[in-house]
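Just below is one structure, and these are the notes that go with it.
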Amino acid sequence: PGYIIELANPRMCAIWNRSPASLLGRPLFEAVPELAGKGVEQILEGIRRTGEPVVGNEVPLHVARGSAPGGDELYFN
């Protein structure tokens with residue numbers, strides 16, 4: 001329920017602009033606070049509660065990376 005990060009592959013670390021050491025063992029929304037309040041919590045809670053997968057196609061999400069003010073808009077499948 002706390003969404004503790006147990007694995008951090010190199011691609012997600014690059015997308016989140018964070019090192020594995022800064023992610024592993026931490027709650028997702030503490031380690032990557034810009035994900036909070038964007039509907040990610042509800043999606044993950046639904047998956048956790050029902051076990052049903054969620055499939056998205058080109059879902060936009062702003063992620064703070066580097067020096068871009070307000071973050072970059074990235075698209076996830």
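Taking region 10-32 as the range and being within 9 Å of the chain's Cα centre (by Cα), under 11 Å from V63 (Cβ atoms) and open to solvent by 30 Å² or more (accessible area, probe 1.4 Å) as the test, the residues that pass are M12, W16. For beta carbons closer than 6 Å, sequence separation of 6+ or different chains, a first residue in region 33-53 that is open to solvent by 70 Å² or more (accessible area, probe 1.4 Å) and a second that is of a type in the set (A, V, I, L, M), the qualifying pairs are I43/V54. Screening L28, L23, L74 for residues that are in contact with a helix residue (DSSP H, G or I) (Cβ under 8 Å, 6 or more places away or on another chain) and modelled with pLDDT under 90 leaves exactly one candidate, L74. Please indicate, with yes or no, whether at least one residue in region 44-51 is farther than 17 Å from G71 by Cα and among the basic types (K, R). Yes: region 44-51 contains one or more residues that are farther than 17 Å from G71 by Cα and among the basic types (K, R). Does A14 count as in contact with a Leu (Cβ under 7 Å, 6 or more places away or on another chain), without any contact (Cβ under 8 Å) to a residue 60 or more places away in the chain and small (G, A, S)? So A14 fails the test.
The values are calculated or read from the model by the stated rules, or taken from the named source; none is laboratory data. Worth saying up front: this structure is predicted, and the values here are computed from it rather than measured. Note that we place each Cβ from the backbone using ideal geometry, even for glycine, and neighbour counts take in every protein chain shown. Each accessible area value is taken on the protein alone, full model and side chains, heavy atoms only, with ligands, DNA and RNA left out. Shrake-Rupley method; radii C 1.70, N 1.55, O 1.52, S 1.80 Å.
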